[in-house]
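Below: one structure, written as structure tokens.
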Amino acid sequence: MSSQNVLSELTFTNRVAKRAQYEALEFSLKTRGVLVRNTSHAKPADHEYLVTVHNGIPIACECPADDRYDGACKHRVGVAIRTPLLQAATDHSLVADGGTQIENEPETHVDNSDTEQKSE
């Protein structure tokens, strides 16, 4: 799902959209979603909230604004507009729910033919 498709699933104001873009948000993948920390504040640890992602859509945030106001908060929109982050959160939640993760690393083959001992 592209960022535009995800955004069409969310309702938010222009002010929220702008803040999601310009505020210094940091993101960490967690088992239950994406932890968003706003480092624009003097005490960033006091402004850290978990965004829950379900089926590729940031559906909830633990911040007070997500409860208090209609529409998505800046943390949910911040996750939604960062497509690689949203994809990683979606993949991560699938694995946490019992899915299987596909490794992108190539298989390595070790050739032991040169290490065999020869009888003399």
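Within region 42-65, residues that are in a strand (DSSP E or B) sit with their Cβ atoms under 7 Å from residues that are open to solvent by less than 50 Å² (accessible area, probe 1.4 Å) and of a type in the set (Asp, Glu), at 6+ positions apart or across chains, in these pairs: Ala60/Asp66. Scanning region 9-23 for residues that are assigned to a helix (DSSP H, G or I) and open to solvent by 100 Å² or more (accessible area, probe 1.4 Å) yields Glu9, Asn14, Arg15, Lys18, Gln21, Tyr22. Note on region 22-54: residues that are under 19 Å from Ala88 (Cβ atoms) and out of contact with any strand residue (DSSP E or B) (no Cβ under 9 Å at 6 or more places or on another chain) amount to 1.
Within region 3-16, residues that are farther than 12 Å from Ala72 by Cα have Cβ atoms under 6 Å from residues that are of a type in the set (S, T, N, Q) and at pLDDT below 95 in these pairs: Ser3/Thr83, counting only partners at least 6 apart in sequence or on another chain. Taking the conditions (1) among the small types (Gly, Ala, Ser); (2) at pLDDT below 90; (3) out of contact with any Ser or Thr (no Cβ under 9 Å at 6 or more places or on another chain); (4) outside any loop (DSSP other than H, G, I, E, B) in turn, Ser119 satisfies each one other than (4).
Scoring Ala72 on the criteria (1) of a type in the set (A, V, I, L, M); (2) open to solvent by 70 Å² or more (accessible area, probe 1.4 Å); (3) part of a loop (DSSP other than H, G, I, E, B) leaves a single failure, condition (2).
Select from region 78-106 the residues that are under 20 Å from Lys18 (Cα atoms) and touching a Gly at 6+ places or on another chain (Cβ under 9 Å) and write down the one among them that is modelled with the highest pLDDT. Among them, the one singled out is Val79.
The values are calculated or read from the model by the stated rules, or taken from the named source; none is laboratory data. Because the structure is a prediction, the values reported are computed rather than measured. As a convention, Cβ positions derive from the backbone with ideal geometry for all residues, glycine included, and neighbour counts pool all protein chains shown. To get the accessible areas, we keep the full protein, side chains included, count just its heavy atoms, and leave off ligands, DNA and RNA. Shrake-Rupley method; radii C 1.70, N 1.55, O 1.52, S 1.80 Å.
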